[in-house]
Each structure stands twice: as structure tokens, then as C-alpha cells.
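In what follows, a structure is listed as C-alpha cells, so that the remarks can point back to it.
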Amino acid sequence: PGTFVVYDGDCPFCSEYVKLLRLREAVGKVTLVNARDDHPAVRYATEKGVDLNQEMALILHGEVHSGPDCMHRLALMSTGAGPFNAVMAKVFASRRLARLLYPALRTGRNITLRLMGRRPIAI
């Protein structure tokens, strides 16, 4: 049990996003997990079918949300405090907009990682 955000720690966009994200205190403790680490949350997400080379994951009370659904749920849980969180909360609070934008974000991430010489996550 617990709340985990599983993200690619080698991706500068993913790392900055989870650092800047402010989740509502009502959510309780949220554990940020680098998908490149050997961690039970990483194994759990992959067992549930999440491709961590293509998606980040939110594990909330044992339920796994990935990709655009993860971003949408994180936006709903965000405090909206600060300019970054306010924009992310507004944009990704719309499930439809999250689904439209996520492929472009994923493509940008993948291109950036290739240009940086980063290897895919070993699953």
C-alpha cells in the first residue's frame, strides 16, 4: 500500500516534473521512484503491463495509472501552487487534453534521451 510515482530518473523532463510537482497534503506520503532502480514499485508497475520506457506510472492504493491517465490524476492531486503547478494542473486536469498532449511529450522525451546517449530502462 501507499502512493508511488515511478518515473525515468535519467530523463531531465521527468525528473524536473516530479521535483516541481506539489501533491495535495490529503494524498499523504508520496514516494518518488526512479524506474531505473530495483524497487518493488518498479516491478509492480511492469507486472501490471506498464512500459516504463514509454510511460510514467502512478500507483495509488494498489491501482496503477500510466501515461496520460497518470498525468491527469497527478494534475487532479496537485495543489496548483506556483506557476508550474498551476499550468500543469490546468492542462492535465482535462483527460482529453492529457491524451492529446502525452504522445508529443513522450516523443520529446525519447528524442532527448537518444541525443543524450541514455539507454532504455532495463525491464
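The values are calculated or read from the model by the stated rules, or taken from the named source; none is laboratory data. Remember, it's a predicted structure, so these values are computed and weren't measured experimentally. Positions of Cβ are generated from backbone atoms using ideal geometry, with glycine treated the same way; all protein chains shown enter the neighbour counts. These area figures cover heavy atoms from the full protein model, side chains too; ligands, DNA and RNA do not enter into them. Shrake-Rupley method; radii C 1.70, N 1.55, O 1.52, S 1.80 Å.
Could you state the principal axis extents of the C-alpha atoms in the chain, from the largest down, to the nearest angstrom?
Cα extents, longest axis first: 34, 32, 23 Å.
Quick check: residue separation of Ala86 and Thr3 times 0.36 nm, minus the Cα distance between them. What number comes out in nm?
27.7 nm
Scan around Thr3 for amide H atoms under 5 Å from its own, H built in the peptide plane at 1.01 Å from N, and keep only partners 5 or more places away or cross-chain.
Thr31
For the chain, what is the percent of antiparallel DSSP beta bridges, rounded to the nearest 5?
The answer is about 65 percent antiparallel.
Sort the following peptides by mean Cβ neighbour count (other Cβ atoms within 10 Å, averaged over residues), highest first: 94-107, 31-44.
Per-residue mean Cβ counts within 10 Å order the peptides as 31-44, 94-107.
Please compute the per residue accessible area over the chain with all protein chains in place, 1.4 Å probe, rounded to a whole number of Å².
58 Å²
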